[in-house]
Structures are given as C-alpha cells and as structure tokens.
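What follows draws every value from the coordinates through simple rules; no lab data is involved. The shown structure was predicted, so the numbers you read here are calculated from the model rather than taken from an experiment. Heads up, the Cβs are rebuilt from the backbone with ideal geometry, glycines too, and the neighbour counts pull from every protein chain shown.
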Amino acid sequence: MERRRNVAQPPQSPIADLEQMPALILLDRLPVPVMAVHRDGSIVFANPSFADMLGYPKKAVSALRLQDILYDKDADDVSAEQAHRELSSEPGSVKEFVHSDSTLVRATVSQSLLRRDDDTITLAVLHDLTERLWNNPRHIDDKPTK
C-alpha cells in the first residue's frame, strides 16, 4: 500500500483529489483490461488486467505489437495499419486476441476513449468473454447491453 507524505495541507474535496491524480495511475488501477495502441501498432499502455487477460507479465506487453496479439483468421500476416483499423472498427463487437499460451481470448472492445480525428492513439476498454463463452458458447455474437 502506498503511503502519502504527512505534509499539512488544507483538506480538499474528494473531486479535487481525483482531479490531481495522474491519468496513467487511474488507468493502471482499473480492474478491467485497458490498452492504448498507436497507429503504428505499438502498444503504448496496457494495465495489469490486460496483461493478466493475455497471460503476460505487465512489462512484457509493451514489447508486443497489436498485430502480434490481435487474431485475424483471414490473414497470415497482418499489418499494423490493418490491426489498428480492426481494433477500432465496430465498437462492442467480439475480437479475438492470442494468449501467451497460443489459445484465443475473446473480448469486446469499447469505442476509443480518445475521439478526436487527429488522435494517433486508440485507448480502449476490453471485456473478456472467454469464461462466459466457454460455459455457454451460443453467446459468441452477443453484444453487451447498454
């Protein structure tokens, strides 16, 4: 557990505390898989939940490229541009990722949280469907309800 320095400061509102917290720390602490991918396919951020979902140590994920972990049954060699386009297309659809043990992990991918046209990074939240699909395979095409 992290300890904060005991520096006497006037009490702040809870929202002020949250506003001062760095975004990467918040993303890292989320209990759901989150990843940020650059247009060139490099994974610029992945939280521990994402690393766990794919069976990698957190530090190893940053050495991976999206085209290495996003499975495409129709292509043997996927370019970074194709993989990035596939990740960004059809928010809420089921995507397949390659686990470190070479099995497939199915997950829905949110719309990018960064939405400007000039954003070079896709920041997405994933919902791992593997266990649910394993227990009830007919839900493979289900989309989460809003």
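Report, by residue number, each residue of the range 89-131 that is farther than 11 Å from residue 53 by Cα, in a strand (DSSP E or B) and not basic (Lys, Arg).
Within the range 89-131, 94, 96, 108, 109, 121, 122, 123, 124, 125 meet the criteria.
Count, please, the residues in the range 9-44 that happen to be among the acidic types (Asp, Glu), surrounded by 10 or more Cβ atoms within 10 Å (Cβ to Cβ) and farther than 16 Å from residue 61 by Cα. Can you show your working first?
Of the residues in the range 9-44, the ones among the acidic types (Asp, Glu) are 17, 19, 28, 40.
Still in the running and surrounded by 10 or more Cβ atoms within 10 Å (Cβ to Cβ): 17, 28, 40.
Still in the running and farther than 16 Å from residue 61 by Cα: 17.
Count: 1.
Does residue 45 satisfy the criteria of being out of contact with any Lys or Arg (no Cβ under 9 Å at 6 or more places or on another chain) and under 23 Å from residue 129 (Cα atoms)?
On the way: out of contact with any Lys or Arg (no Cβ under 9 Å at 6 or more places or on another chain): yes; under 23 Å from residue 129 (Cα atoms): yes.
So residue 45 passes the test.
What are the residues in the range 72-95 that are farther than 13 Å from residue 41 by Cα and either in contact (Cβ under 8 Å) with a residue 60 or more places away in the chain or surrounded by fewer than 17 Cβ atoms within 10 Å (Cβ to Cβ) (or both), if any?
As a first pass, look at the range 72-95 and keep what is farther than 13 Å from residue 41 by Cα: 72-77, 89-95.
Selection gives 72, 73, 74, 75, 76, 77, 89, 90, 91, 92, 93.
Check the range 43-54 and report whether any residue there is outside any helix (DSSP H, G or I), more than 13 Å from the chain's Cα centre (by Cα) and not β-branched (Val, Ile, Thr).
Residues of the range 43-54 outside any helix (DSSP H, G or I): 43-47.
Right, trim to more than 13 Å from the chain's Cα centre (by Cα) and you get none.
No - not one qualifying residue is present in the range 43-54.
Name the residues in the range 45-70 that are surrounded by fewer than 16 Cβ atoms within 10 Å (Cβ to Cβ) and within 19 Å of residue 88 (Cβ to Cβ), would you? First the steps, then the outcome.
At the first step, the residues of the range 45-70 found to be surrounded by fewer than 16 Cβ atoms within 10 Å (Cβ to Cβ) are 52, 55, 57-60, 62-63, 68.
Listed by number, the list holds a single entry, 68.
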